1. Relative contact order, percent, of the stretch 4-185 when contacts are C-alpha pairs under 8 Å separated by at least 6 residues?
2. Within the stretch 19-104, which trypsin sites (Lys or Arg not before Pro) sit in a loop by DSSP and count at most 16 neighbouring Cβ atoms inside 10 Å?
3. For the stretch 90-187, what is the Kirkwood estimate of the hydrodynamic radius, computed as the reciprocal of the mean inverse distance between distinct Cα atoms, to one decimal in Å?
4. Using only Cα atoms, find the angle between the long axis of helix 127-141 and the longest principal axis of the chain, and express it within 0 to 90 degrees, rounded to the nearest 10.
5. Which residue, Gln99, Gln123, Gln61, has the most motion in a Gaussian network model of the chain that connects Cα atoms within less than 10 Å?
6. How are the C-alpha pair distances of the chain spread across 10 Å bins, as whole percents from the shortest bin up?
Amino acid sequence: MPDPTSATNHSDDSRSEHLHDPATIRIRRADFDDPQDVATVRGLVQGFADVSKVTLPPSVQDAVAPFLGRRAAFVLLAEDVGQDGGAKKPEAVAMLIAQRILSSFQAGERINIHDLYVIPKAQGRGIGRRMLSVCADHARALGCSDLTLEVTGDNAPARSLYRTFGFDIPEGDVPAGAVLYGKCPLG
């Protein structure tokens, strides 16, 4: 979904155009020993909460990155390294938070994607799909059988992305307030 403000902010137009170029987006795992990564994750979680209309109390804002560093299997960050190849400080444009969980019916493990958030100005440019692909590659390397996630029924762009990636998310109308479960085999 394009950023509605980009049409009126011409200085941002030229900067965000290169987000279409996969070479300008770097995806890497967050390093929770790095204070900058901790601050980046905190900021992205806050941005996700803002667009989700969720108020995070200060205690949660301060605890979320350390909590994820201890508990999450991994957090992926997508950074805009720009056309300078990363000479300047990269801007975080997306995050994916995932956990390694059990699949009792397969006597194995899977990866559950807890959150996938792409900042508004970077949406619609394939970054979410790339993050799902990196997550799937990492899950395969860990020997996991599939990816799982939940998505709200009213989030049509996310539902579409997940379906086209291979998740079994239903199409069409769903009851108001519905949360949908999806699974994507990796084999």
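1. Values: 274 pairs, mean separation 29.8, N = 182.
Value for the stretch 4-185: 16 percent.
2. Numbers: sites: Arg26, Arg28, Arg29, Arg42, Lys53, Arg70, Arg71, Lys88, Arg100; in loops: Lys53, Lys88.
Within the stretch 19-104, the qualifying trypsin sites (Lys or Arg not before Pro) (loop, at most 16 other Cβ atoms within 10 Å) are Lys53, Lys88.
3. Working: mean 1/r = 0.0713 Å⁻¹.
Evaluated on the stretch 90-187, it is 14.0 Å.
4. 40
5. In this elastic network of the chain, the residue with the biggest mean-square fluctuation among Gln99, Gln123, Gln61 is Gln61.
6. Per 10 Å bin, starting at 0, the Cα pair percentages come out as 9, 33, 38, 18, 2, 0.
Each reported figure results from applying straightforward, stated rules to the coordinates on display, with no laboratory input. Here the structure is a predicted model, which is why all the values come from computation and not from measurement. Positions of Cβ are backbone-derived with ideal geometry, glycine not excepted, and every protein chain shown enters the neighbour counts.
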